[in-house]
Amino acid sequence: MTQHSLLAAGRWHTLSLAQQLGNIGSEMSRAARWQGKDTERFEGAVARAFELLDLTLQDPRWKHRLKEIARLREAVADAYLGGTQYRTSFQDLDSYLMPFALLARL
């Protein structure tokens, strides 16, 4: 089920990389806020983040950055699974992605 149907329809590929990562960062912030407090909201934020990451990986403009974006997706998966492999947390991801959100607002 696509939660971001308008974005999946092509609008996502009109956004800059900073805007895309900033939007993913918004979902990471939501996930960090709801982790351990509200399972439904936490799961929803993580699902939306994965959907946006997959849309970003499909964006042909970033074909030279696929490894970097795929590594971010892997870090999100690690955080979701408890940070067992890389010790990634949603707070770490939020901190990493926040500057992109700020850049996109300029």
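With K and R counted +1 and D and E -1, the other residues having a Cβ less than 13 Å from that of Trp12 yield a net charge of 0.
Please say if the chain is rounded, prolate or oblate, where rounded means a/c under 1.5 for a ≥ b ≥ c the square roots of the C-alpha gyration tensor eigenvalues, and otherwise the choice is prolate for a/b larger than b/c and oblate otherwise? Please report the intermediate quantities before stating the final value.
Values: a/c = 1.57, a/b = 1.39, b/c = 1.12.
Prolate is the answer for the chain, as a/c is 1.5 or above and a/b outweighs b/c.
Relative contact order of segment 60-106: 21 percent, from C-alpha pairs under 8 Å at least 6 residues apart in sequence.
For segment 15-106, the relative contact order works out to 42 percent when only alpha carbon pairs closer than 8 Å and six or more residues apart are counted. Accessible area per residue for the chain is 62 Å², calculated with a 1.4 Å probe on protein heavy atoms, without ligands, DNA or RNA. With R₀ fixed at 30 Å, the C-beta to C-beta distance from Trp62 to Glu40 puts the FRET efficiency at about 0.45. Taken about its Cα centre, the chain carries a charge dipole of about 300 debye when Lys and Arg each add +1 at the Cβ and Asp and Glu each add -1 at the Cβ. Per-residue ellipticity at 222 nm computed for the chain from its helices equals -22500 deg cm²/dmol, with DSSP H segments shorter than 4 residues left out and the rest contributing -39,500 (n - 2.57).
The values are calculated or read from the model by the stated rules, or taken from the named source; none is laboratory data. All of these numbers come straight from a predicted model, not from anything done at the bench. FYI the Cβ positions are ideal-geometry reconstructions off the backbone, even for glycines, and counts take in every protein chain you see. What goes into the accessible areas is simple: the full protein's heavy atoms, side chains included, and nothing from ligands, DNA or RNA. Shrake-Rupley method; radii C 1.70, N 1.55, O 1.52, S 1.80 Å.
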